[in-house]
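K.L.:
Quick one: the structure is below, questions incoming.
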Amino acid sequence: MKLKKTIKNTIIFVAMMLVIGVYTAPVISKAGDTFGVAFSVDGQEKYTERQNKTTSSSVNMECTDKDIDGSYYYASVHAVNAAGTRIDVSHGYEYYFDVNESHNMLNWVYEEHYNMACVKCQGYSVDDYHGAWFGGYWYADI
């Protein structure tokens with residue numbers, strides 16, 4: 001009787017792990033660079049770290065966390081040249097971000113013959129005393 005119960009519990013455990021694996025595997029395999037941007041005042045600009053860009057695809061950004069309700073930011077894609085200078089290659093496309101938002105952002109990094117990208121973030125409705133912080137993931141090539 002004890003052996004049957006052990007086998008039953010083992011099968012249930014394995015089934016649960018398979019279900020968890022199915023839901024977490026796509027998230028893990030899609031993991032890009034994490035980012036965190038902190039703003040102290042409205043309109044302040046911050047940039048993510050740069051990533052290699054090898055295709056003409058959009059850049060994906062996902063905002064998964066923030067610390068102050070009501071704050072938000074706009075983001076656009078920039079190229080980074082060999083000297084480390086950031087060049088706006090968004091052609092005017094900006095994207096609104098709040099927590100739990102994701103966008104595939106149009107850009108012309110690859111088409112304008114650059115191979116590095118970063119994302120410019122500009123914070124709004126920033127608390128004057130505490131500031132605002134956002135975090136998430138971004139992917140240069142999707």
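K.L.:
Name the residue that is surrounded by the fewest Cβ atoms within 10 Å (Cβ to Cβ), counting only residues in region 55-94 that are among the aliphatic types (A, V, I, L, M) and out of contact with any strand residue (DSSP E or B) (no Cβ under 8 Å at 6 or more places or on another chain).
P.N.:
Ala83
K.L.:
Hey, another quick one. Out of Gly135, Gly84, Gly123, which single residue is in contact with a Lys or Arg (Cβ under 9 Å, 6 or more places away or on another chain) and free of Cβ contacts under 8 Å to residues at least 24 places away in the same chain?
P.N.:
Residue meeting the stated conditions: Gly84.
K.L.:
Does Val109 satisfy being in contact with a Ser or Thr (Cβ under 8 Å, 6 or more places away or on another chain), surrounded by 16 or more Cβ atoms within 10 Å (Cβ to Cβ) and touching a residue at least 12 places away in the same chain (Cβ under 8 Å)?
P.N.:
So Val109 does not fit the description; no.
K.L.:
Failed condition for Lys4, given (1) under 15 Å from Trp138 (Cβ atoms); (2) open to solvent by 80 Å² or more (accessible area, probe 1.4 Å); (3) modelled with pLDDT under 95, with all others met?
P.N.:
Of (1) under 15 Å from Trp138 (Cβ atoms); (2) open to solvent by 80 Å² or more (accessible area, probe 1.4 Å); (3) modelled with pLDDT under 95, only one is false for Lys4: (1).
K.L.:
Within the set of pairs 6+ apart or on separate chains, which have a first residue in region 90-106 that is farther than 17 Å from Ala140 by Cα and in contact (Cβ under 8 Å) with a residue 12 or more places away in the chain, a second that is open to solvent by less than 60 Å² (accessible area, probe 1.4 Å) and of a type in the set (Asp, Glu), and C-beta atoms under 6 Å apart?
P.N.:
From residues that are farther than 17 Å from Ala140 by Cα and in contact (Cβ under 8 Å) with a residue 12 or more places away in the chain, there are no pairs.
K.L.:
For region 112-129, which residues satisfy the criterion of being touching an Asp or Glu at 6+ places or on another chain (Cβ under 8 Å) and either open to solvent by 70 Å² or more (accessible area, probe 1.4 Å) or not in a loop (DSSP other than H, G, I, E, B) (or both)?
P.N.:
Cys118, Lys120, Cys121, Gln122, Gly123, Tyr124, listed by residue number.
K.L.:
Name the residues in region 35-54 that are farther than 15 Å from Val77 by Cα and either open to solvent by 80 Å² or more (accessible area, probe 1.4 Å) or in a loop (DSSP other than H, G, I, E, B) (or both), would you?
P.N.:
Within region 35-54, Ser40, Val41, Asp42, Gly43, Gln44 meet the criteria.
The values are calculated or read from the model by the stated rules, or taken from the named source; none is laboratory data. These numbers come from a predicted model, not from an experiment. When we count neighbours, we look across all protein chains shown, and the Cβ atoms used for this are built from the backbone with ideal geometry, even at glycine. Heads up: the accessible areas ignore ligands, DNA and RNA and are worked out on the full protein's heavy atoms, side chains in. Shrake-Rupley method; radii C 1.70, N 1.55, O 1.52, S 1.80 Å.
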